[in-house]
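Accompanying notes for the structure given below.
Bear in mind that the values in this text are calculations on the coordinates, not laboratory data. On a predicted model such as this, the values are computed, not experimentally measured, just so you know. No Cβ is skipped: glycine too gets one built from the backbone with ideal geometry, and neighbour counts run over all protein chains shown.
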Ligand SMILES: C[S@@+](CC[C@H](N)C(=O)[O-])C[C@H]1O[C@@H](n2cnc3c(N)ncnc32)[C@H](O)[C@@H]1O
């Protein structure tokens, strides 16, 4: 499966996805992933940034609210329609367009930074995504992205729960098998049954890579690793949103910041 075929799946998911995330049912994004991502993010005020795989634009808007000049792309037209509609209703100066991370329609050294919020692991051509992000960054610019944690979002995964329903461990397996587009069918668990009733479940093609594959691809491209995070919800967060309890047991997400060296630093 290539990036274009993957895009057709995401386009089909986009209308229901947008409705549910805007209603707050992507609780891992709301309570854990996005706050942790922004905690790791350097000051982007006045910088030009590219959001790769922006979806309906939630995180692009947060970047713009932090003073960045934001360009945002997604392969799914329906997501870009929703993002553009929000921009028309509340302009933040974000420039949205339909494009693939694998063939970015921007010149070399265009942006001060690039980000990918939970999008890079959905694209089969991992190496090309990182190469394209590197190409459009100015020397000295940074790339920050979040992905499902390679060690815990393995091809086989099962939550082990105690009698009270609390997760106490995760069973993981098949770590070294690189999934190449197996379809996962699911919908946000936090959405109540009456909201989910009659909705088409998402179909998302899965592509798993090991942690060494991810890190070595970045290093091979010449990136300098700057910061790594594995967000864990606090007890207060779990109290506010009990669905996140399992994310205290293992790291569900991996956040990486890496820098493209300045020309004078290339050895
Ligand atoms: C899990 S969603 C995350 C969306 C958004 N970044 C967020 O955090 O809400 C993954 C996104 O990656 C996009 N995507 C998948 N393949 C892509 C590609 N080749 N180029 C650009 N975007 C892609 C999907 O359309 C989808 O919007």
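Quick notes on this one:
- Relative contact order for the stretch 168-214: 50 percent, from Cα pairs under 8 Å spaced at least 6 residues apart, divided by residue count.
- Extended-chain gain in nm, criterion 0.36 nm per residue less alpha-carbon gap, residue 97 and residue 81: 4.9 nm
- With contacts taken as Cα pairs under 8 Å at a separation of at least 6 residues, the stretch 161-267 carries a relative contact order of 28 percent.
- The alpha-carbon atoms of the stretch 83-208 define a convex hull whose volume equals 181 cubic angstrom per residue.
- Separation of alpha-carbon centers, the stretch 25-76 and the stretch 141-213, rounded to whole Å: 21
- Between residue 108 and residue 184, the modelled label-to-label distance comes to 3.7 nm, taking each label 7 Å out from Cα in the direction of the beta carbon.
- Cα-based shape type of the stretch 9-150, given that a ≥ b ≥ c are square roots of the gyration tensor eigenvalues and the cut on a/c is 1.5: rounded
- Fraction of antiparallel bridges per DSSP, the chain only, in percent to nearest 5: 55
- Helix-derived mean residue ellipticity, 222 nm - over the chain, DSSP H n ≥ 4, -39500 (n - 2.57), to 500: -8500 deg cm²/dmol
- Whole-number D in µm² s⁻¹ for the chain, Kirkwood Cα-pair radius fed into Stokes-Einstein, 4 °C, 1.567 mPa s: 68
- GNM remark for the chain: springs join alpha carbons under 10 Å apart, and the peak mean-square fluctuation among 17, 186, 214 falls on 186.
- Of 202, 223, 176, the sequence from fewest to most neighbouring Cβ atoms within 10 angstrom is 176, 202, 223.
- Three-way shape label, the stretch 143-188, alpha-carbon gyration tensor, a/c 1.5: prolate
- GNM flexibility winner over the chain from 158, 22, 197 (Cα, springs under 10 Å): 197
- Label-point gap, in nm, between residue 199 and residue 8 - each point 7 angstrom along Cα→Cβ: 2.5
- In terms of surrounding Cβ atoms within a 10 Å radius of their Cβ, 90, 171, 30 rank from fewest to most as 90, 171, 30.
- Note on residue 158 and residue 228: with the Förster distance fixed at 35 Å, the Cβ-Cβ geometry gives a FRET efficiency of about 0.85.
- From least to most packed, judged by other beta carbons within 10 angstrom and beginning with the fewest, 115, 136, 16 follow the order 16, 136, 115.
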